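Inspection log for the structure reproduced underneath, given as structure tokens.
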Amino acid sequence: MRSRLLVPVFAALLAAAAAGCRPPEILPPYATGQAPRSDALLGAAAPKISALQVPVAKIRIGRAPSGNLMFLAQKPGRFSGQIQIAGHEFVSLAFNERGYTLRNVAADNLPAGFFAGPPADCAIQRLLGVPFAARELVSLVLGGAPVLAPPYEVVAQSWDPRHGHEVLRLRAPGYEQELRFAFVDGVWWSAGGTLWQRRADGQLARMWSLLHEELRPVDGTVLPRRTRLAGPSTRRQDLVIITYGAQAVDPDLGGSAAVAGDDEAGWEDEDTASPPGDGDGDEAPVPGDTSATPPSPPSDAAIPPQFTLDGAGLAPRGELCR
């Protein structure tokens, strides 16, 4: 009898201990009814810097050993980066408005050699496993988040007390997107987002997610200390984690100006499944492509040499995206 009486006592103690392990809820930085306007938040999704150099970072793709990452990015669509393992080049990728170049020395998800071709986004997906377009990748490494191409509507806005984020929900024909924002030093900054595509059955399938963690001031702006990326797979081993060691804002690129063009204005809680949808399956605009008439490409002389790789020491492989 005595042991039976102790059962509810132990259950209550365990419940109290479990409750004590939960992190406290984060209160919104505004009074009730004073949430930020959705258009102001959408403006905060665009990066507020023109270029970023990361000389020291760590990257981990899935369960593979972490590597050293260094990259240079310039909006709206220039990037050059290299992953090293034990001090040796593993794989390098560069792209600009005229095309991409890729050096694969040791990555086992494509043949070793030198690849080059016209603008194509498949090189990013082959490297990271995440279906980002070139401008989307540049936007996120500059501290922003890609936004659905219009037309879209804001269907929900709420405060997430677990992560301390203001959350916008967008809907466009064929797509839905969640955008997250953190309030740092009195200003709203992008904290990530998730993009879903609506299937023929009306359900939503995740295309990608990103989360900027530990946002903090860097050289007059705010940048994350860590970024998590995930593609369509929900497996933890497909997660890409970038941890920044140093970030240099707007580095000198030899006097070259960024290409004129529109700036790009999700991540998903691992416990949150893709939400149901109720669309009609219409054809959708290209996510993140906010320019119906892209600017004319400049001359080759306007592109800094940092954003093009050569094939020295590697067998030529032609185009990766065929």
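The values are calculated or read from the model by the stated rules, or taken from the named source; none is laboratory data. For clarity, every value in this text was computed on a predicted model and none was experimentally measured. Methodologically, a virtual Cβ is constructed for each residue, glycine included, from the backbone with ideal geometry; neighbour enumeration extends over all protein chains shown. Just so you know, the surface numbers come from the protein's heavy atoms only, side chains and all, with ligands and any DNA or RNA stripped out. Shrake-Rupley method; radii C 1.70, N 1.55, O 1.52, S 1.80 Å.
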Q: Determine the pairs where a residue that is closer than 20 Å to Arg135 by Cα, located within region 82-109, has a partner that is at pLDDT 95 or above and of a type in the set (Lys, Arg) with Cβ atoms under 6 Å apart, the partner being 6 or more residues away or on another chain.
A: Ser92/Arg103; Asn96/Arg78
Q) Between residues in region 157-174 that are in a loop (DSSP other than H, G, I, E, B) and residues that are open to solvent by 10 Å² or more (accessible area, probe 1.4 Å) and β-branched (Val, Ile, Thr), which pairs lie under 9 Å by C-beta distance while being six or more apart or on different chains? A) Pro161/Ile26; Arg162/Ile26; His163/Ile26; Gly164/Ile26
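Given the options Ala51, Ala35, Ala31, name the one that is modelled with pLDDT of 95 or more, open to solvent by 40 Å² or more (accessible area, probe 1.4 Å), within 24 Å of Val147 (Cβ to Cβ) and out of contact with any His (no Cβ under 6 Å at 6 or more places or on another chain).
On the way: Ala51 fails: open to solvent by 40 Å² or more (accessible area, probe 1.4 Å); Ala31 fails: within 24 Å of Val147 (Cβ to Cβ).
So the residue among Ala51, Ala35, Ala31 that is modelled with pLDDT of 95 or more, open to solvent by 40 Å² or more (accessible area, probe 1.4 Å), within 24 Å of Val147 (Cβ to Cβ) and out of contact with any His (no Cβ under 6 Å at 6 or more places or on another chain) is Ala35.
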(Q) For Glu136, only one of the following conditions fails: (1) closer than 29 Å to Asp252 by Cα; (2) surrounded by fewer than 23 Cβ atoms within 10 Å (Cβ to Cβ); (3) not polar (S, T, N, Q). What is its number? (A) (2)
Q: Consider Leu148 carefully, then state whether it is buried (at least 20 other Cβ atoms within 10 Å of the Cβ), touching a helix residue (DSSP H, G or I) at 6+ places or on another chain (Cβ under 6 Å) and aliphatic (A, V, I, L, M).
A: no
Q. Which of the following residues is in a helix (DSSP H, G or I) and touching a helix residue (DSSP H, G or I) at 6+ places or on another chain (Cβ under 9 Å): Ile124, Ile83?
A. Ile124
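Run down Pro131, Pro111, Pro119 and say which single residue is more than 25 Å from Arg63 (Cβ to Cβ) and either surrounded by fewer than 19 Cβ atoms within 10 Å (Cβ to Cβ) or of a type in the set (Lys, Arg) (or both).
Working: Pro131 fails: more than 25 Å from Arg63 (Cβ to Cβ); Pro111 fails: more than 25 Å from Arg63 (Cβ to Cβ).
Selected residue: Pro119, the only one of Pro131, Pro111, Pro119 that is more than 25 Å from Arg63 (Cβ to Cβ) and either surrounded by fewer than 19 Cβ atoms within 10 Å (Cβ to Cβ) or of a type in the set (Lys, Arg) (or both).
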**Q.** Every residue from region 86-110 that is assigned to a strand (DSSP E or B) and touching a helix residue (DSSP H, G or I) at 6+ places or on another chain (Cβ under 8 Å)
**A.** Val91, Leu93, Ala94, Phe95, Asn96, Tyr100, Leu102
